[in-house]
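To start, the structure under review is shown below, and the notes come after it.
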Amino acid sequence: MLTRASRWSRWAISLLALALGALLWQAVASRTNPAFLSSFTATAARIAELAANGVLTDALRSSLAVYLTGLSAAIVIGVTIGLVLARVRLLRVALESYIMLLYATPMVALIPFIMSMMGFGFAPKALVVFLFAFFSVLYNTIEGARSLKPEMLEVAYSFRSGEWGVWRDVLVPYTLPFALTGIRQGIGRGLVGLVAGEFFLSGSGIGLLIMQSERDFDVPALYGSIVVIAVLGAALMGVGRMLENRFAAWRGLAR
Amino acid sequence: MSASDLTLAEVRPAWRSWLGRDAAARVVAGIAILLVWEFTVRMWAPAFVARPSRIIAMFPPVILAPELWQAAGATFGAVLQGLVIAFLLGTLIGVAIGRLPLAERFLQLYVNGLFAMPMVAILPLLTLYFGYTGDARLATVVFAAIFAIIVNVSDGARAVPPEYIEVSRAFRGSAWSRLFDVILPSSVPYLLAGLKLAAGRALIGAVIAEFYASVPGLGFYILYNTRSFKHNEAFVAVMLLAVVGVLFELLLARGTARFLPWYRRDEARD
């Protein structure tokens, strides 16, 4: 794919862009009221401070616990139901439109309902992450299932493949790339759900850190925690894309 | 689904193909979902929790009262306004990233990072700048929508076949005409894909901003009503949001099929 030299130059360019961005930030901040914009150095120092005294690491740990619980439930349940629907045509045509409807519904709108039914704590937040991610996984898996050509199954059957064989050799390998697209989408949406849950259900983790910094007018901490969540988002997205590239390269969609 | 099914489904209007084959399965499934919902709530949930029969009963009074429509007007107005801003700015930046190597090198990293970032996180910052006002909501909508457009338009501008550019050069087309007659038209499918993604994100952004900043709108309507244990009324607003989301998606799909029949690529970045 990429030669070693071009990969190096890409890294160098990225680093240069980051350095230029930091310089620009510093320059703009030195001319702006610090109540609105903290400088790059002040923000970096505050991140280091929050990481050293454990506030940031604790917040990240508690956020990741919620996030991974909700996300893994969404992936496991979403892919399983998606594969079953891939196999049972009647169920699929019956449920498809409703799943599409729920996929298009902004799940944030359900947060107030979840709050008044489930109250505060770990479970409702994990449920919000689950709801944000689940329909992306399910919808994309079904999309894959729908495009499975009947000829493929026919070939499998003419070679006397049993139900287990069909799942192992046709269904799962064919649907996997689509499921991975859904999982990548779900990773991003789930993160939105995480922060939304931490804002609106019960304050905890990185969401609480952001909100508290705003209320305390601790502008460097506000920018710092936003930078942390942006980096987290980019890293998680990178993981999703890597998985897709690794397992779905043949579909030619992954970038 | 075989090839002949596919063409058939494309020729027929959406609602007729929905009702066509398998109509019985769909209707039965819909009724089953509603029944399960109704009875689960009746058996195990507190009385205020929304359930289909009560939502239907609440439908006429909610629809006839002005509150819902005022809220909807505020929310969808802000979404539309934000989408227009994001569309104009995003196309401009996207084309720049797609066509100018310098812009790409400097901005690509930031655009990708901000695209992956959950936009909720920036809400406290926006309320700091704009106060707890409608402007904060508009800014959230723009921020939520713009990166989806930039990312897709820059992909589109990059994917313009070099032959097109060469032809334009050979005929001594100006840079201006190259932009408006070659690059932009050839990026339209990408732009539509970006717009579809952006619209969904914009809707979420508006609702979240209303929750956070208590700005009047559908999000606040839902929050207010659930807090006063009027779940059924609030649910009508959720349904309105869902319907608008789906309608926009259908509209874009129809528009693409009608005006860009050659367009088959369905790989928006998300």
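The values are calculated or read from the model by the stated rules, or taken from the named source; none is laboratory data. What you see is a predicted model, and the numbers here were worked out from it, not measured in a lab. With ideal geometry, Cβ positions are generated from the backbone for all residues, glycine too; neighbour counts draw on all protein chains shown.
Across region B:225-238, the qualifying residues are those that are within 9 Å of chain A (Cβ to nearest Cβ) and free of Cβ contacts under 8 Å to residues at least 24 places away in the same chain, and the one among them that is surrounded by the fewest Cβ atoms within 10 Å (Cβ to Cβ) is B:Arg227.
Across region A:189-219, the number of residues qualifying as of a type in the set (Asp, Glu), more than 8 Å from chain B (Cβ to nearest Cβ) and over 21 Å from B:Leu203 (Cα atoms) comes to 2.
When the helices (runs of 4 or more DSSP H) confined to region A:116-175 are screened for residues that are away from every other protein chain (no Cβ under 13 Å) and aliphatic (A, V, I, L, M), those reaching at least 2 such residues are found at A:122-146, A:150-158.
Go through the residues of region B:30-52 one by one and say whether even a single one is over 30 Å from A:Leu18 (Cβ atoms), touching a residue at least 40 places away in the same chain (Cβ under 8 Å) and part of a helix (DSSP H, G or I). Within region B:30-52, none of the residues are over 30 Å from A:Leu18 (Cβ atoms), touching a residue at least 40 places away in the same chain (Cβ under 8 Å) and part of a helix (DSSP H, G or I). Within region A:94-110, restricting attention to residues that are in contact (Cβ under 8 Å) with a residue 24 or more places away in the chain and under 17 Å from the mean Cα position of the chain (by Cα), the residue that is nearest to the other protein chains (Cβ to nearest Cβ) is A:Val108. B:Ala25 meets all of the listed conditions (1) modelled with pLDDT under 85; (2) in the same structural domain as B:Val151 (by TED's automatic domain parsing); (3) small (Gly, Ala, Ser) but one, namely (2). Number of residues in region B:240-250 that are free of Cβ contacts under 8 Å to residues at least 60 places away in the same chain and over 11 Å from the mean Cα position of the chain (by Cα) equals 1. Of the residues B:Gly94, B:Gly77, the single one that is modelled with pLDDT of 90 or more, surrounded by 23 or more Cβ atoms within 10 Å (Cβ to Cβ) and in a helix (DSSP H, G or I) is B:Gly94.
Exactly one residue out of B:Phe147, B:Phe220 is touching a residue at least 12 places away in the same chain (Cβ under 8 Å), assigned to a helix (DSSP H, G or I) and more than 25 Å from B:Glu104 (Cα to Cα), and it is B:Phe220. Just one of the numbered conditions (1) surrounded by 15 or more Cβ atoms within 10 Å (Cβ to Cβ); (2) modelled with pLDDT of 85 or more; (3) part of a helix (DSSP H, G or I) is not true of B:Arg169: (1). Any residue in region B:150-159 that is modelled with pLDDT of 90 or more, closer than 24 Å to A:Phe36 by Cβ and assigned by TED's automatic domain parsing to the domain that holds B:Gly205? The answer is no, given that none of the residues of region B:150-159 is modelled with pLDDT of 90 or more, closer than 24 Å to A:Phe36 by Cβ and assigned by TED's automatic domain parsing to the domain that holds B:Gly205. A:Arg61 - would you say it is farther than 21 Å from B:Tyr129 by Cβ and more than 13 Å from every other protein chain (Cβ to nearest Cβ)? For A:Arg61, the condition - farther than 21 Å from B:Tyr129 by Cβ and more than 13 Å from every other protein chain (Cβ to nearest Cβ) - is met.
The numbered conditions (1) out of contact with any Asp or Glu (no Cβ under 6 Å at 6 or more places or on another chain); (2) under 30 Å from A:Glu214 (Cα atoms); (3) surrounded by fewer than 23 Cβ atoms within 10 Å (Cβ to Cβ) are all true for B:Leu197 except (1).
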